[in-house]
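Comments concern the structure below.
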Amino acid sequence: MTNPSCTTALVVGAGIGGITAALDIANSGFQVVMVEREPSIGGHMAQLSETFPTLDCSQCIMTPRTVEVGHHENIRLHTYSEIESVRREPSGSYRVRIRRRAAYVDWEKCTGCGVCQEKCPFKVESAFERGIGQRKIIYTLSPQAVPNKPVIDAEHCRYLQSKQDIEAGRAPAVDKQGNPATPKCGACAKLCPTGAIEWEQQDSVLEEEVGAIVMATGYDMLPMERLPEYGGGELRDVVDGLAFERLLAASGPTAGKVVRPSDGEVPKQVVFVQCSGSRDPERGVPYCSKICCLYVAKQAMLYKHRVPDGQAYVFYIDVRAGGKGYEEFVTRAQEEHGVVYLRGKVSKIFAQDGRLIVKGADTLSHRAVEISADLVVLATAIVPRASTAAVAGLFEVGVDDNGFLVSGDEEMAPVDSCVEGVFLAGAALGPKDIPETVAQASGAAAKVLSLFQQRVAAAATVTA
């Protein structure tokens, strides 16, 4: 029998799908526990410049929602955290253990002033910027981060690494004067005005009881290293779609200026390669990634806005633009912005005399095509997050052959899993665009609310 008093929902993942589900449930008066493995919420949408087909600013759409989540009285937000274990109670509720990784910053003391990041003297490559930008060792993901609290990258922090070396005996325990050795750097701790740096901080574990779960674990991009014939992972001026989004974004490493990662020059010829790893079981995945045709058209248009005298080329197998105004959007890219679409596959990309040579075929004209480009953008396949299968296993939810979550009934109950009280939403189920993700997340939230209302009614009947 399900516990009628347990009307707290767990939302796993804080991209636009998880945020939508959490707000729908919380705004209906129920408690929500939200778990996100990154230091802040927003998912991949936080990396985008504009959205298709309206070309609205992604941050303008998302920031009000992330701020609402961060301040909502019914939402308990656990970022930089992962689900460690799940136990189903006889009552039907779930006991969920959540591990919060050590941030080495006391978020209660931290005011988010940014002094620590400003004064940190060391930088590393930023995963959020997709390798085309750097971040400090103590960092937030973006200027609009929620929560706006930094974390320290322990793997690259000079202080933490030297501290571990001293404690493990890999470095002298005393200095040349015979005094106890002290770790190097520590600039953030010395200059933090609130004393929020906490070098001894450890992982913490907490337990929550929840009555329903929404899994919105999101997606990732196929690693470019799996496409060596395209120079993926080797040629600096071959980037994936998310990296190009960061070049276009005003909050990105170049403040919205489109430049070549290798030399900072403005590219005058850009080639976009659709289906890079999609519909390609030998090198990538067998399925269509669904959103590539539209975001490539968007990126080509935005490139022309930034570089009016530039030329964009798109290699495609066929255009799949299923959605309101989507076909017209692709046509607009060609007719109004002069984007040249070439129907055919690219066979090879290589560097020659400071340029990138893109060799392919135009199957409409039956001719071989060779373009000398300054920058190549690969529309790499959408794949499940690496952690999706493990998280699904904790809740006993199935995954398909490609690693995406499986609905209990894809036709009539697409957001229901095969497990009672566990609902699914967003790109964790398969590639989809933002409107479809939001609609599905609201559908999952509606299922949770229906379940909770039944429990509230049952509890009222018992006490009557």
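Numbers below:
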item: Top positive-direction residue, dipole computed over the chain with Cβ charges, set 344, 454, 392; result: 344
item: Total charge dipole magnitude, the chain, about the Cα centre, Cβ charges on Lys, Arg, Asp, Glu only, Debye to nearest 20; result: 920
item: Estimated 222 nm signal from helices in the chain, with DSSP H stretches of n ≥ 4 weighted -39500 (n - 2.57), rounded to 500; result: -7500 deg cm²/dmol
item: Segment 162-168 - phi-based ³J(HN,Hα) in whole Hz, Karplus 6.51/-1.76/1.60, Gly and Pro as x; result: 5, 4, 5, 5, 5, 5, 8
item: Charge sum, other residues only, whose C-beta stays under 11 Å from residue 354's C-beta, Lys/Arg counted +1 and Asp/Glu -1; result: -3
item: The chain shape via C-alpha gyration tensor axes, a/c threshold 1.5; result: oblate
item: DSSP-defined antiparallel bridges as percent of all bridges, segment 264-386, nearest 5; result: 50
item: By average C-beta atoms within 10 angstrom, highest first, the peptides 202-210, 420-428, 385-393, 242-250; result: 420-428, 242-250, 385-393, 202-210
item: Any cysteine of the chain lacking a neighbouring Cys Cβ under 4.7 Å - listed by number; result: 6, 110, 113, 120, 157, 185, 192, 275, 288, 292, 293, 418
item: Cα centroid separation, segment 183-251 to segment 326-400 (Å); result: 24
item: Charge context of residue 79, other residues only, Cβ under 13 angstrom, K/R +1, D/E -1; result: +3
item: Antiparallel DSSP beta bridges within the chain, percent to nearest 5; result: 55
item: Hz values of 3J(HN,Hα) by residue in segment 298-308 - Karplus curve (6.51, -1.76, 1.60), Gly and Pro given as x; result: 4, 5, 5, 5, 5, 4, 5, 5, 7, 10, x
item: Of 123/298; 268/304; 268/359, pairs whose Cα-Cα distance is over 20 Å; result: 123/298
item: Student exercise, segment 200-294 dipole from Lys, Arg, Asp, Glu Cβ charges, in Debye to nearest 20; result: 760
item: Segment 223-383 - percent relative contact order, Cα under 8 Å, separation 6 or more; result: 29
item: Cα gyration tensor shape of segment 310-378, rounded if a/c is under 1.5, else prolate or oblate by comparing a/b with b/c; result: prolate
item: Other-chain or far-sequence residues with amide H under 5 Å of residue 342's (modelled H); result: 314, 315, 316
item: Listed pairs 136/348; 149/257; 324/345; 109/257; 109/176 exceeding 29 Å between Cα atoms; result: 136/348; 109/257; 109/176
item: 5 angstrom amide H check on residue 218, placed H, neighbours 5+ away; result: 427, 428
item: Residues of type aspartates and glutamates that residue 163 reaches as a straight line, Cα spacing below 15 Å, ignoring anything fewer than 8 places off in the same chain; result: 153, 155, 175, 198, 200
item: Cβ-based charge dipole, the chain, positive-most Cα from 315, 35, 124; result: 124
item: About the Cα centre, charge dipole magnitude for segment 223-383 (Lys/Arg +1, Asp/Glu -1 at Cβ), debye; result: 260
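Computed from the coordinates by the stated procedures, all read-outs in this text should not be read as laboratory data. Everything numeric in this text was worked out from a predicted model, so none of it was measured. Cβ: placed from backbone, ideal geometry, glycine included. Neighbour counts: every protein chain shown.
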